[in-house]
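The values are calculated or read from the model by the stated rules, or taken from the named source; none is laboratory data. Because the structure is predicted, anything quoted here is derived from the model rather than measured. Backbone-built Cβ (ideal geometry, glycine too); neighbour counts: all protein chains shown. These accessible areas exclude ligands, DNA and RNA; they are computed on the full protein's heavy atoms, side chains included. Shrake-Rupley method; radii C 1.70, N 1.55, O 1.52, S 1.80 Å.
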Amino acid sequence: VLRAGHRFFASAAAPSPVAAAAAPPKVKLLIDGQFVDSTTENWLDVVNPANQDVLGKLPLTTKSEFNAAVKAASDAFPKWRATPVPTRVRVMFKFQELIRANMEELARSVTMEQGKTLADARGDVFRGLEVVETACGIAPYMTGEMVENVAGGIDCYSIRQPLGVVAGICPFNFPAMVPLWMFPLAITAGNTFVLKPSERDPGAAVMLADLAQQAGLPKGVLNIVQGSRDVVNWICDDPAIRAISFVGSDSAGKYIYARGCAAGKRVQANLGAKNHAVVMPDADVDSTVKALAGAAFGAAGQRCMAISAAVFVGGFTDKWREPLLEAARGLKLNAGWEKDADVGPMISPEAKARAERLIASGAAAGAQVLLDGRGVSVPGYERGNFLGPTLLAGVTPDMEAYREEIFGPVLSCMDAATLDDALAIVNGNEHGNGTAIFTRSGAAARRFQNEVDVGMVGINVPIPVPLPFFSFTGWRGSFAGDLHMYGRAGVQFYTQTKTVTAKWPAEDIRGISAPAATTS
Ligand code: NAD
């Protein structure tokens, strides 16, 4: 059961805009096991993107509060590190049970603060929950290696040990999943954690931390600081923090990667994306169009694995154009909690204005706007940040609308004569997060899988996000670092290898293992 004060709506049964009518609650910090109000004088609004209601007040954590959070994590580390792995795992077993029990309330928080539909919000929680489930089975990932007798009577073995205090910095677009990509594995591996949720939608992270405390996490093992740039800089600079996990945009991520690495930390940074679908002429029209529409426009295009460019081998002909237009037109824009919503609002008026500007820039550069989502109005939610599904055709790699990540419900359709030409487009883009090929040809798929310079590949699967026993393997401009998030690589990121070379001289056995002759 979630404790009062951490939810941003009055009634779990009625997630309506009315809930925001009371004075907006203050978003808490979690320091040394206590949910506390910040003493700061600087607060940001947490805003419902469907109607601009203020759902909560987010504190810009003060330096002394930040220091207290890091100290709590540092103080908690020795005992937590010494806690047996199965005991740490049992907290995760309980945690996953509590997440399941509170799934609806978590999903409603995501919908209210982030805007996505309730179905997408449940997916947001569920994909994070799967990482918690994987953390329950962390022991095999923690094993070391051993070679016996590397020299006469000498054995050599490696063990994995936690780093200490580690930190996570999160984006707005998956407010439940991304925190769960980070702290469950880090903590179960024996680290203590300082989490900074997105300042736009911190509610799910606070609720999850509440559940983690209830699951039995000792005080100080997980701490939450709220805020934006200052707190991020403090995380990068604090010598007690040994590693940073970041998910977000290119500009913030590259900055954090450079600053964190300069301070001697490990940093793993998942960055922006431009994900291409390559559509072969032999692909099944119905299922491909359905997949493209869902992957491009679902969650208002605000997924790092959204398909934002579709490259049609043989050209974007009527065979594709008409059904894709029909599928896009059929999507219903509405507030995420409304039953018929397919596409919710974008996160902010600024994000919407930027996407609109990029659509205009595409049109000015010669792209055809086949379907224009600008200027839509959603009855009852006229103040929402809605942008309708938008289809651009004739997009070329030189256009700004192609080069920039739009991060909205906009699909750029491109033409390629051959699979080679399509591969050249995909591999020529600076980002390498995800991609997909749609085809009935195993040979084409195999060639694509082998030659595409992108880290996550779907074959007739539009959004190939790996399950958490694999890792989230974005490449090139979509990732900075070398150990990816979750899976085996995630555990490696949060642990360091110690290698022991041991010699136990045989004569030491004398005296503790008496010869049989002397005892009989
Ligand atoms: P963002 O970079 O604006 O914010 C992410 C975090 O960085 C926030 O916690 C924010 O407070 C902090 N931040 C932002 N600007 C900063 C600055 N100048 N200095 C210090 N800290 C700063 O990202 P966002 O808009 O919240 O999220 C959307 C972006 O995240 C998109 O680019 C999307 O592709 C990317 N993303 C990537 C993945 C992935 O796995 N590759 C997953 C989700 C989102």
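Observations, loosely collected:
- The set of residues from the stretch 454-491 being free of Cβ contacts under 8 Å to residues at least 60 places away in the same chain, away from the ligand (no atom under 11 Å from the Cβ), under 18 Å from the mean Cα position of the chain (by Cα) and not in a loop (DSSP other than H, G, I, E, B) comprises Val457, Arg476, Ala489.
- Within the stretch 214-243, being near the ligand (Cβ under 10 Å from one of its atoms) and in a helix (DSSP H, G or I) holds for Arg229, Asp230, Val231, Val232, Asn233, Ile235, Cys236.
- Being in contact with a strand residue (DSSP E or B) (Cβ under 7 Å, 6 or more places away or on another chain) and near the ligand (Cβ under 10 Å from one of its atoms) is a description that does not apply to Met280.
- Residues satisfying the stated conditions in the stretch 244-255, i.e. open to solvent by 20 Å² or more (accessible area, probe 1.4 Å) and more than 9 Å from the ligand (Cβ to nearest atom): Lys254
- Selection from the stretch 430-453 of residues that are surrounded by fewer than 20 Cβ atoms within 10 Å (Cβ to Cβ), closer than 30 Å to Ala262 by Cα and in contact (Cβ under 8 Å) with a residue 60 or more places away in the chain: Glu430
- From the list Ala258, Ala204, the lone residue that is within 16 Å of the ligand (Cβ to nearest atom), under 15 Å from the mean Cα position of the chain (by Cα) and part of a helix (DSSP H, G or I) is Ala204.
- Residue that is without any contact (Cβ under 8 Å) to a residue 60 or more places away in the chain and within 24 Å of Gly474 (Cα to Cα), where the choices are Ala367, Ala293, Ala310, Ala351: Ala351
- Given (1) closer than 22 Å to Val132 by Cα; (2) in contact (Cβ under 8 Å) with a residue 60 or more places away in the chain, index of the condition Thr87 fails: (2)
- The residues on offer are Leu271, Leu211, and the sole one that is open to solvent by less than 40 Å² (accessible area, probe 1.4 Å), within 16 Å of the ligand (Cβ to nearest atom) and closer than 22 Å to Gly123 by Cα is Leu271.
- Number of the condition not met by Ile359 [criteria: (1) assigned to a loop (DSSP other than H, G, I, E, B); (2) open to solvent by less than 60 Å² (accessible area, probe 1.4 Å); (3) free of Cβ contacts under 8 Å to residues at least 60 places away in the same chain]: (1)
- Any hit, the stretch 395-404, residues being farther than 21 Å from Gly248 by Cβ, touching an Asp or Glu at 6+ places or on another chain (Cβ under 8 Å) and of a type in the set (Gly, Ala, Ser): no
- The condition of being in contact with a helix residue (DSSP H, G or I) (Cβ under 8 Å, 6 or more places away or on another chain), in a loop (DSSP other than H, G, I, E, B) and touching a residue at least 12 places away in the same chain (Cβ under 8 Å) holds for Phe172.
- Selection within the stretch 175-188 - more than 14 Å from the ligand (Cβ to nearest atom) and in contact with a helix residue (DSSP H, G or I) (Cβ under 6 Å, 6 or more places away or on another chain): Pro184, Leu185, Thr188
- From Ala295, Ala328, residue being open to solvent by less than 30 Å² (accessible area, probe 1.4 Å), more than 21 Å from Pro179 (Cβ to Cβ) and within 24 Å of the chain's Cα centre (by Cα): Ala295
- Matching residues, the stretch 335-356, being part of a loop (DSSP other than H, G, I, E, B) and open to solvent by less than 20 Å² (accessible area, probe 1.4 Å): Ala335, Gly336, Ala341, Gly344, Pro345, Met346, Ile347, Ser348
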